[in-house]
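Some notes on the structure that comes next.
Nothing in this text is a laboratory measurement; each read-out follows from the coordinates by a stated rule. None of the values given here were measured: they were computed from a predicted structure. A quick note on method: Cβ atoms are made from the backbone with ideal geometry, for glycine too, and the neighbour counts reach across all protein chains shown.
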Amino acid sequence: MEVSDDRPGRLVVITGGGRGIGAATARRLAAAGYAVCIGYRHDAEAAEAVVRRIDAEGGHAVAIAGDTSQEAGIRHLFDEAEAALGPLHGLVNNAGITGPLGRFADLDAEAMRRVVEVNLIGTMLCTQEALRRFLARAGAAGRSIVNISSIAASTGSPGEYVHYAATKAAVESFTLGLARELAEQGIRVNAVAPGTVQTGIHAAAGDPDRPARIAPRVPMRRVGQPEEVAEAVLWLLSDAASYTTGAVLRVTGGL
């Protein structure tokens, strides 16, 4: 049977998809033929702008609000995504925050909890929801999850955000354990660990000039671009990486 060219491709939910790495990933996946759901918490305007760009380029996308640290918000996000674009095929756990920069001893406990809730608990809860949907249907094999970690998981980010680094190290451990747990069922779980990337996360943490300060320390003498991370996510999510699971792909410019 011939399939119409305007039929949406396999659905991928991207949390934190309205800006930075998430937005670049949404655009790249849509260009590769995936249907994408752009999850966001606050910035509806940014998320809708990504959808409009994808639509203008012939892709399929929706933007749906949802707090990924809350189970009800996650269920809503996935329900609406599947209602709009069909059964879930993949998940990119991209939503993340650094919290304030500074010494760990000075960190407010509430800020610490929020970083853990978003970066770690949110990743786990979204993954759990995706797995329930994968396993509820025949043929779970071929489904894929990509978690966004950070080079901070390896460096610890002393003096800046040790708490953030700790959540990303936990995400990498979670990636490896879950990949091994699901390998027999053909569901792959991998992670991408970017180095410093030119996005708005630095300004949000109170240090917009951080990329320029970091660049001389990078062997390639520059920071990364969101599109470069998106290429790594696409490969890990795709069938081209069919024998890759439990991997952490570093996109760091040599660090």
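Stretch ARG213-ARG114 to full length: gain in nm at 0.36 nm per residue minus the Cα-Cα span? Each step should come with its number before you reach the end.
On the way: separation 99, 0.36 × 99 = 35.64 nm, distance 2.69 nm.
Extending this stretch completely gives an extra 33.0 nm.
Just to check I understand the Karplus step: with θ = phi - 60° and J = 6.51 cos²θ - 1.76 cosθ + 1.60, what whole-Hz values come out for segment 49-57, glycine and proline as x?
5, 5, 4, 4, 5, 5, 4, 5, 9
Please give, to one decimal in nm, the separation of the simple spin-label points placed at ALA105 and HIS42, each 7 Å out from Cα toward the Cβ.
Placing both labels 7 Å beyond Cα along the Cβ direction yields 3.0 nm.
Amide H to amide H under 5 Å from GLY224: which residues, 5+ apart in sequence or cross-chain, H placed 1.01 Å off N in plane?
THR196, VAL197, GLN198
Rounded to the nearest 0.05, what FRET efficiency is calculated for GLU181 and ARG137 with R0 set to 22 Å and r the Cβ-Cβ distance?
Once the sixth-power term is evaluated, E becomes 0.70.
Defining a contact as two alpha carbons under 8 Å apart and six or more residues distant in sequence, what relative contact order in percent does segment 11-251 show?
Here the relative contact order equals 20 percent.
Taking every eigenvalue of the Cα gyration tensor of segment 11-251, multiplying by 5 and rooting it, what semi-axes result, largest first, whole Å?
Values: eigenvalues 143, 76, 65 Å².
One finds semi-axes of 27, 20, 18 Å for segment 11-251.
Would you calculate the separation in nanometres between label points at ASP79 and ALA32, each defined as 7 Å from the Cα along the Cα-to-beta-carbon direction?
Between ASP79 and ALA32, the simple spin-label model gives 3.0 nm.
Among 28-38, 12-22, 123-133, what's the highest-first ranking by average C-beta atoms within 10 angstrom per residue?
Taking the mean over residues of other Cβ atoms within 10 Å, the ranking is 12-22, 28-38, 123-133.
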